[in-house]
Amino acid sequence: MKRLLKGGRVIDPVNGIDGVHDILIDGDRIAAVGRDLPADGASVIEIPGDLVVCPGFIDMHVHLREPGQEHKETVASGTASAVAGGFTAVACMPNTAPVNDNANVTAYILSKAAEANLARVHPIGAVSRESKGELLADIAELKNAGCVAITDDGHPVKTAMLMRRAMEYAGMFGMPLIEHCEDPSLKGDGVAHEGYMAATLGLRGMPGACEALGVERGILLSELTGSAFHVAHMSARASLRAVRKGKEAGVRVTCEVAPHHFTLTDEALGSPIPYDTNTKMNPPLREAADRDAMLSGLADGSVDVIATDHAPHHYDEKKVEFDRAPFGIIGLETAIPLSLDRLVHSGLIRLPRLVELFSVNPSRILGIAGGSLSIGAPADVTIIAPDLRVRIDASRLRSRSKNTPFDGWDLRGGVAATLVGGRPVFVNPEAHLAL
Amino acid sequence: MSAPVITKVDEIPAVTSLRRKDLLGISDMAADEITLVLDTAEAMKEIGSRPIKKVPALRGKTVVNLFFEPSTRTRTSFEIAEKRLSADTLNIAIASSSVVKGETLADTALNLEAMQPDMIVLRHSSSGACHLLSRICRSAIINAGDGMHEHPTQALLDAFTIRERKKRLEGLKVAIVGDLLHSRVLRSNIHLLTKMGADVWVCGPPTLIPTDIRRFGVRATSRVDEAVADADVIMLLRIQLERMEGAFFPSLREYFNVFGMTEARLRLAKPDVMIMHPGPMNRGVEIASEVADGPYSVILDQVANGVAVRMAVLYLLAGGAEHETAA
Amino acid sequence: MPVVMDADRIARTLTRIAHEIVERNKGVDDLALVGVRTRGVHLARRLARTLKEITGDEVPTGALDITLYRDDLMRHAVGPQPLVRRTEIPFSIDDRKILLVDDVLYTGRTTRAALDALIDFGRPRGIQLIVLVDRGHRELPIKADYVGKNLPTAPDQSVQVRLQESDNRDEVVLEQGGAA
């Protein structure tokens, strides 16, 4: 089947395109990109001029919770949430039950993704068996089964020695090592950012240095091994400082920031709802200087990717005392509105940079198809509506879990439609798109 | 005083109440609310010296003392206060094992709510537990100590004790020495004393001083001589054995040598200095026995005043709030 | 705002009451005055002074706060609590004849509360009630033993007693419009 996306501002940095263009999709591939393309038997979809057509957005840090924690989320509900959030693909973390440290679990996840037939799923495999940090997982097997990177996310790789070996080994296959950067002894039993808010609220704190220590370790080992090192959910200014220095020195280090870390600070723990467990995550919401550093990194290019760290938790699990609640919030369906509102409309970055952060860079880092609207590329397209007024309503999110601190927020910018392999898998009725 | 206003019972003037449904912490109280509690506590104190130590003010009200952490002193103090106001009291002591086994705090509270208590006095090991309860329960919640966050009635009774002797709080130099990091008594006292205009100094090893403590409007030092110099009041905070294992300081002996309140250090303070301690004391760790039992110590007065202050809080909250607590 | 009693009238009334007390009790032995806060306390002290002038004897005087005994406490679902002040009765009331002093007698509920409070302090031999103004409209079976002035009033009027000690002047005023 052929579709012609007619009109609409197309932003495709890889191919140097930014302007009103038409896109012809044939089957599941991009067939042509140009001005005033002839319909030629294609079904024509008029794209209003205020909508922006981009290569499909990729969220490279998502917890789909299946297998093992289906009460929180499943591959089906998670990918439904992803496409509603404008993502054509997600990379899912291995800290499931059982851990994704072997081909069987990887295959299971991929089969569930095929069944749901919504967003593409790229599993990330474990660094070590059961992520225990002792023996290496069967990384080649994981790669062959479809994993695109390795991580022991949830916690840092246990020892520097193990990380070195994993980097060297995974480096054979060009797989990056993604790291939850943290020094466990410094973290202790912290539940919040060590600072004035934690002191006021009487919560045990974890300082920014705790994360930065992990970042520095990874950068040094990346330099030693020559392998790619990616900092997951970066939040501290000391971490950014280390990443900048590493990049300047030519180390293969990349990093991602989650929307909550460029939007909120630790003040959210005190108000509007004191001890709101939907403000508890690891790494924690930090002080304004850290949040502002993340914004500066997004603006100047030191930050490579925006990834949500979508971490669904059941309502019962979060309705407890702050220090007993699990870490994490969902993020797939709030990422685009927050990014458009806080980064683009504030004047900090422009749309082409946004496309880099959400599409170009994730596809490059993970070595997966996507990131551009090149001829012959899969027709994964994200159409965003930068001026759409959006009110976040937790009860209507497609994720099984509703643990978000953004419920009730009014934001400017949203998703109009998501196409995977040419197929519209999500259309926002508010965007008035005849898809 | 303004002209009297006729109410239903002849002309008794109605005055401001506490502007809240719960007492969750000193941090959201205004100075005039604190003064109201202290003034009311003065009147309540007199009841303890009567032959019949009871007034009917809370007759027919049910107050539940829900204690998730063991406490003899605070719980007894609340219980006596409740009984002196003629309330019906119910003591629930939850052993930590049952918490691990089963019911969440939220479920325990909802089950309790079904029996319609008027007020719940909660002590819990998690900071923010009272906030959680206050969102779930319609009963008035009184914080009897939540994790490391606040212990408001302790700070109120400390302030009452100081005001009784010194006739004011404003302008007094108050030194607080001890485990500042983990202390809810510290936080409540800092909020209260700074709101009332005292000059607060906090002192302890750097490992036990919270980050950004100066943003609370206090001076911080690790030199105890500096903290107690010319102090009007010295408050000692309890040191726990576990802190040594957390490497906060090497030994209790060393702690005592560097920070313990001895008679020698006492002499640096004002001649009419007051020595206070929320209890229970570790003699020979944060305070020398001679000081604890000495003439400057008002530790036993604190305990006596605890009942009066808690009676005041119970009374002031029992009428219901004029406005809902701001979140 | 008609002034119903001026300073001079109040002074003479209190003197008259003091003499009545002495006459009815055949002296001041075993008597004690307890004023109901706030203005009852000022009146009680004045009576004590006058009794001393008349008889040469000291009559012990105390102050009673009846707030915690009010029957309308806690009855409003939402409402400010009345301020509680200190009660100071520095003598035993057992076997004494207590002269309870208040400024205005109206519904009688304040007196009822005062009686309950006094009983918690001990067992007096008797209690007599002294009021400066009786404005009628009793809701309980309470009567004053000594009345300064009987003042018939309408329910929508209010009686304001002002005393030097708290209001810088002595007068009793009848105002239109009862306050809440």
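When the protein assembly as shown is described by a simple charge dipole with +1 on each Lys and Arg Cβ and -1 on each Asp and Glu Cβ, the residue from B:I209, B:L300, A:G413 located farthest towards its positive end is B:L300.
Averaging sequence separations of C-alpha pairs under 8 Å and six or more residues apart, then dividing by the length of the range A:129-251, give the relative contact order as a whole percent. Mind dumping the intermediate values first?
Values: 194 pairs, mean separation 29.1, N = 123.
Relative contact order here is 24 percent.
With both residues required to sit in the range B:88-235, DSSP beta bridges show an antiparallel share near 5%. 3J(HN,Hα) along the range A:322-337, derived from phi through the Karplus expression 6.51 cos²θ - 1.76 cosθ + 1.60 where θ = phi - 60°, amounts to 3, 6, 9, 6, x, 6, x, 9, 6, x, 4, 8, 10, 4, 5, x Hz, with x in place of Gly and Pro.
For C:A154, what is the net charge nearby, where nearby means another residue's Cβ is under 13 Å from its Cβ and Lys, Arg count +1, Asp, Glu -1? Write out the running numbers ahead of the final one.
Details: positive: C:R135; negative: C:D156, C:E175.
Summing Lys and Arg as +1 and Asp and Glu as -1 gives -1.
Give the lysines whose C-alpha is closer than 17 Å to that of B:K173, dropping any in the same chain fewer than 8 places away, or say none. Straight-line reach from B:K173, under 17 Å: B:K195, B:K270.
On average, how many beta carbons from a partner chain sit within 10 Å of the beta carbon of a residue in A:1-7? Don't jump to the answer; show the numbers that get you there.
On the way: counts 0, 0, 0, 0, 0, 0, 0.
Mean partner-chain Cβ count within 10 Å for A:1-7: 0.
For the pair the range B:215-264 and the range B:22-96, the centres of their Cα atoms are 31 angstrom apart.
Its Cα gyration tensor gives the range A:1-98 an equivalent ellipsoid, and the semi-axes of that ellipsoid, as √(5λ) in whole Å with the largest first, are 34, 14, 11.
Where Lys and Arg each count +1 and Asp and Glu each count -1, what net charge lies around A:K187 among other residues with Cβ under 13 Å from its Cβ?
On the way: positive: A:R204; negative: A:E182, A:D183, A:D189, A:E194, A:E211.
Counting the neighbours of A:K187, the net charge comes to -4.
With the gyration tensor restricted to C-alpha atoms of chain B, the semi-axes of the equivalent ellipsoid amount to 33, 25, 18 Å, longest first.
Approximating the spin labels as points 7 Å out from Cα along Cα→Cβ, the C:D156-to-A:E248 distance works out to 8.4 nm. Within the range A:189-331, all pairs of alpha-carbon atoms sorted by distance into 10 Å bins from zero give the percentages 12, 41, 32, 13, 2. The three principal axes of the C-alpha atoms in the range B:29-155 carry coordinate ranges of 46, 31, 26 Å, sorted with the longest axis first. Translational diffusion of the range A:273-355, estimated by Stokes-Einstein from the Kirkwood radius over alpha carbon pairs at 10 °C in a medium of 1.306 mPa s, is 111 µm² per second.
Between B:V63, A:C210, B:V200, the Cα set farthest toward the positive side of the dipole of the protein assembly as shown (charges on each charged residue's Cβ, about the Cα centre) is that of B:V63.
Across A:E182, A:E321, A:E46, mean-square fluctuation computed from a Gaussian network of chain A (C-alpha pairs under 10 Å connected) peaks at A:E321.
Please arrange C:T111, B:T62 by how many other C-beta atoms lie within 10 Å of their C-beta, fewest to most.
Details: C:T111 25, B:T62 17.
Listing C:T111, B:T62 from fewest to most nearby Cβ atoms yields B:T62, C:T111.
Stokes-Einstein diffusion coefficient for the protein assembly as shown at 37 °C in a medium of 0.692 mPa s, Rh from the Kirkwood formula over Cα pairs: what value in µm²/s? Before the final figure, lay out each step's value.
On the way: Rh = 32.6 Å.
Once the numbers are plugged in, D ends up at 101 µm²/s.
Using alpha carbons only, the radius of gyration of the range C:89-180 set against its Kirkwood radius gives Rg/Rh = 1.01. Near A:D50, once Lys and Arg are set to +1 and Asp and Glu to -1 for all other residues with Cβ below 14 Å from its Cβ, the sum equals 0. The value of relative contact order for the range C:78-180, using C-alpha pairs under 8 Å at least six residues apart, is 22 percent.
With r as the distance between the Cβ atoms of B:R223 and A:W409 and R0 = 45 Å, compute the FRET efficiency 1/(1 + (r/R0)^6) and round to 0.05.
Details: r = 48 Å, r/R0 = 1.06.
Calculated value: 0.40.
Given Cα pairs under 8 Å that are at least 6 residues apart, what percent is the relative contact order of the range A:168-207? The value is 33 percent. Multiplying the residue separation of A:D387 and A:S185 by 0.36 nm and subtracting their alpha-carbon distance yields 68.1 nm.
For the range C:52-111, the equivalent ellipsoid derived from the Cα gyration tensor has semi-axes of 30, 13, 11 Å, listed largest first.
On the basis of the beta-carbon distance and an R0 of 25 Å, A:D18 and A:A434 show a calculated FRET efficiency of 0.55.
Put a dot 7 Å past the Cα of B:R59, heading toward its Cβ, do the same for A:N104, and the two dots end up 7.3 nm apart.
If N is the number of residues in the range A:115-266, what value comes out of its Cα radius of gyration divided by 2.2 N^0.38 Å? Don't skip to the answer; put the middle values down first.
Details: Rg = 16.3 Å, N = 152, 2.2 N^0.38 = 14.8 Å.
Cα Rg divided by the expected 2.2 N^0.38 Å: 1.10.
Per Stokes-Einstein, at 4 °C and 1.567 mPa s, what whole-number D in µm² s⁻¹ belongs to the range A:53-171, with the Kirkwood radius over Cα pairs as the hydrodynamic radius? Before the final figure, lay out the partial values.
Working: Rh = 14.3 Å.
After rounding, the answer is 91 µm²/s.
Checking a compactness column here: for the range B:245-301, what do you get for Rg(Cα) / (2.2 N^0.38 Å), N being the number of residues? Before the final figure, lay out the partial values.
Working: Rg = 12.1 Å, N = 57, 2.2 N^0.38 = 10.2 Å.
That ratio works out to 1.18.
Counting Cβ atoms of other protein chains within 10 Å of each Cβ in B:122-134 and taking the mean gives 5. Per-residue shielding of A:348-356, expressed as the average number of other chain Cβ atoms within 10 Å of the residue Cβ, stands at 0.
Taken together, the values in this text are just the output of simple stated rules run on the coordinates, not laboratory data. What you see is a predicted model, and the numbers here were worked out from it, not measured in a lab. Note: ideal-geometry Cβ built from the backbone for every residue, glycine included; neighbour counts use all protein chains shown.
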